[in-house]
Number of protein chains: 2
Amino acid sequence: MDANIVKILVSSPIFHDISPSQLDIMLDCLKPKINTYNKNSYIAVQGEPYTGLGILLSGEAAIIKESASGSRVIMTVIGPGELFGEMIAFSPRKHWPASVSAQSTCAVMFLPPEKIIGECTQACGGYKQLIKNILVLLSTKALMLNQRVEYLAIKGMREKISIYLLEQYKINQKNTFVLPLKRNELADFLSVSRTALSRELGRMRDEGIIEFYRTSVKINNLALLRRGAE
Amino acid sequence: MDANIVKILVSSPIFHDISPSQLDIMLDCLKPKINTYNKNSYIAVQGEPYTGLGILLSGEAAIIKESASGSRVIMTVIGPGELFGEMIAFSPRKHWPASVSAQSTCAVMFLPPEKIIGECTQACGGYKQLIKNILVLLSTKALMLNQRVEYLAIKGMREKISIYLLEQYKINQKNTFVLPLKRNELADFLSVSRTALSRELGRMRDEGIIEFYRTSVKINNLALLRRGAE
DNA sequence: CACTTTAGGTAGCTATAGCTACCGATTTTT
DNA sequence: AAAAATCGGTAGCTATAGCTACCTAAAGTG
């Protein structure tokens, strides 16, 4: 196996804590397929049969959701070492729920999921670690999505902002802190329009609840902020 | 191990396709703790240290999210054989992200997650199946959450409804079909108010796009429905 | 079978948040 | 350092969807 590929793989979360020599043995077991794709070609097409757990070895790829009406929305962009299709790998679904498009020339390694829960239990030392890594990846993903759902389900701008700020306050343990997201990104995360977000932040400032400048925030009245979270 | 408990466990998705005899051997390995809880007592408390993957053996339990301001929202109610805390088990988090409350007298079995990815690889025959089951559970959960996020992120009642109906149409492959959700549940799933949902459905009927009675729907104008999905 | 409960449709009112537009400040690019 | 792009706040207008209230139909319940 190419030394460059090994280097990317050991840095990938799916092979975390697996040594290059173990990796080499495992790849022999897993029999992955490696394909290359030209810029703007499809690595996977939404609705078509699942081709395996993908690991991007080089290039950049976009996960794209194509709606029934034909519009395309970029969900995320991934880089070398990152995975795609990890949610489908062990689910009963057998088709890609989204398309993956090469933004530049890409090399991709596909692992057949059956092989991962397959026979080589005893032979490969890193096998247990691989399973552990996949379990960590999947549960982290599920937790992230769960948090996302919680925020999206919140009705009301004031409530969303209040809960978000309270969470940040809890993380930082200080009245003054810097938000990890810019306004645009925050609006996106909370699934509201940026302007409406800014407006409400302004109102909260006028009411003496918070002060802010760009991404830095100071909580002036914690009680009122808590009230805003209902 | 009690025969009744074994009966519940083999029907649980986490021990799917594992025979009672295999299960017996595995439980010896896994060393689960079984606790009972009185009605209205806490099985797990949000924010406190994680106590393991929970399997409800008997009774009913509610997963409750307690907000910073003290309000409590029931997320789901689970019954015998169902799991909780499966997302945290393999994630780096070490605290309960929600509380679990016994709605009636409950017996709960806790599996220590370290044991699952632990030593008894060779000894237990059902071990591989257990891992497979957990992978299926987690990825199914992630996919469900992902789908949920997609719906919640959609702006506009008409769009949400249209996309939902198109998905149902795709599943049923017929112009007339029965929705799997009642109005209330559908409103909840799409995170809109029931009245606004009914109103928009009425509008779509007036425009000749659909017909409906209760949970049965007939698509009269697929092109217009597609247009509504943008 | 009468009674209650749940499910669902409709209407009117109103608060909310989205959108457009614009402007100043900051950061990045050349 | 000038130019361009990004970031963020503000204002006004408007469409949307939430809420209350009410009513009818269906489904459970005694």
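The values are calculated or read from the model by the stated rules, or taken from the named source; none is laboratory data. Computed from a predicted structure; not experimentally measured. Cβ: placed from backbone, ideal geometry, glycine included. Neighbour counts: every protein chain shown. To get the accessible areas, we keep the full protein, side chains included, count just its heavy atoms, and leave off ligands, DNA and RNA. Shrake-Rupley method; radii C 1.70, N 1.55, O 1.52, S 1.80 Å.
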- HN-Hα J couplings of segment B:153-169 from phi, Karplus 6.51/-1.76/1.60, θ = phi - 60°, integer Hz, Gly and Pro as x? 6, 5, 8, x, 4, 4, 5, 4, 4, 4, 5, 4, 5, 4, 5, 5, 4
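For chain A, which whole-number percentage of the solvent-accessible area (1.4 Å probe, protein heavy atoms only) is attributable to carbon and sulfur atoms? Don't jump to the answer; show the numbers that get you there.
Numbers: 6040 of 11570 Å².
Percent of accessible area from carbon and sulfur atoms in chain A: 52.
Averaging the inverse of every distinct alpha carbon separation and then flipping it gives the Kirkwood radius. What is it for chain B, in angstrom units? Can you show the working numbers first?
Numbers: mean 1/r = 0.0491 Å⁻¹.
Averaging 1/r across every pair of different Cα atoms and inverting gives 20.4 Å.
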- Task: Ignore the peptide's own chain and count Cβ atoms of other chains within 10 Å of each Cβ in A:82-90; give me the average, rounded.
- Result: 3
- Task: Ignoring everything but the protein chains, give the 1.4 Å probe accessible area of A:Tyr50 in square angstrom, nearest 10.
- Result: 40
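Could you give the length gained on full extension between B:Asp24 and B:Lys65, defined as 0.36 nm per residue of separation minus the Cα-Cα distance, in nm? The partial results should precede the final answer.
Numbers: separation 41, 0.36 × 41 = 14.76 nm, distance 3.45 nm.
Answer, rounded to one decimal: 11.3 nm.
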- Out of residues 5 or more away from B:Glu60 or on other chains, whose amide H comes under 5 Å of its own, with H placed 1.01 Å from N in the peptide plane? B:Gln103, B:Ser104
- Given R₀ = 60 Å, FRET efficiency for A:Lys218-A:Asp2 by Cβ-Cβ distance, to 0.05? 0.70
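Of the cross-linked pairs A:Lys94/B:Lys182; A:Lys115/B:Lys132; A:Lys33/A:Lys141; B:Lys160/B:Lys182; A:Lys31/A:Lys115, which ones have a Cα-Cα span greater than 19 Å in the structure shown?
Numbers: A:Lys94/B:Lys182 28 Å; A:Lys115/B:Lys132 12 Å; A:Lys33/A:Lys141 25 Å; B:Lys160/B:Lys182 16 Å; A:Lys31/A:Lys115 8 Å.
As for pairs spanning more than 19 Å Cα to Cα, those are A:Lys94/B:Lys182; A:Lys33/A:Lys141.
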- Message: Taking the Cα centroid of segment A:22-62 and of segment B:155-230, what is the distance between the two, rounded to the nearest whole Å?
- Response: 37
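For the protein assembly as shown, what is the mean residue ellipticity at 222 nm derived from helices alone (per DSSP H run of n ≥ 4: -39500 (n - 2.57); sum divided by total residues; nearest 500 deg cm²/dmol)?
Numbers: 18 runs with 198 residues, N = 460.
Theoretical 222 nm ellipticity from helices: -13000 deg cm²/dmol.
Quote the relative contact order of chain A in percent (integer), defining contacts as alpha-carbon pairs under 8 Å separated by 6+ residues.
Values: 350 pairs, mean separation 45.0, N = 230.
Normalised by residue count, the contact order of chain A is 20 percent.
Averaged per residue, what accessible area in Å² does segment A:3-149 show with a 1.4 Å probe, protein chains only? Before the final figure, lay out the partial values.
Details: 6720 Å² over 147 residues.
The answer is 46 Å² per residue.
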- Spacing of the two label points (7 Å from each Cα toward its C-beta) at A:Val73 and A:Asp188, in nm: 1.3
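Counting other Cβ atoms within 10 Å of each Cβ, which trypsin sites (Lys or Arg not before Pro) in segment B:123-167 have at most 12 and sit in a DSSP loop? Provide the component values of the computation, followed by the final result.
On the way: sites: B:Lys128, B:Lys132, B:Lys141, B:Arg148, B:Lys155, B:Arg158, B:Lys160; in loops: B:Lys155.
Filter output for segment B:123-167: B:Lys155.
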- Mean separation of Cα contacts under 8 Å, 6 or more apart, over the residue count of segment A:155-228: relative contact order %: 37
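Using the Kirkwood formula over every pair of different C-alpha atoms, what hydrodynamic radius in Å results for segment B:155-228? Please list the in-between numbers first.
Working: mean 1/r = 0.0829 Å⁻¹.
Result for segment B:155-228, one decimal place: 12.1 Å.
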- Message: In the protein assembly as shown, if the dipole is taken from +1 on Lys/Arg beta carbons and -1 on Asp/Glu beta carbons about the Cα centre, which of A:Ser216, A:Ile171, A:Val108 is farthest to the positive end?
- Response: A:Ser216
- Can you give the charge dipole size of chain B about its Cα centre, rounded to the nearest 20 debye, using +1 on the beta carbon of Lys and Arg and -1 on the beta carbon of Asp and Glu? 760
- Item | Burial of 40 Å² or greater, segment B:135-153 residues [accessible area, probe 1.4 Å, versus chain by itself] | B:Leu135, B:Leu138, B:Ser139, B:Ala142, B:Leu143, B:Leu145, B:Asn146, B:Val149, B:Glu150, B:Leu152
- Pairs of Cα atoms under 8 Å, at least six residues apart: use those to get the relative contact order of segment B:60-184, whole percent. 18
- Any idea of the total accessible area buried by the B-A contact, 1.4 Å probe, rounded to 100 Å²? 3600
- Query: Taking θ as phi - 60°, what are the ³J(HN,Hα) couplings along segment B:36-46 by the Karplus curve (6.51, -1.76, 1.60), each to the nearest whole Hz, with x for Gly and Pro?
  - Reply: 10, 10, 6, 3, 6, 9, 7, 8, 8, 10, 3
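Taking 0.36 nm per residue of separation and subtracting the Cα-Cα distance, what length does fully extending A:His16 through A:Lys94 add?
Details: separation 78, 0.36 × 78 = 28.08 nm, distance 2.67 nm.
So the chain would gain 25.4 nm between A:His16 and A:Lys94.
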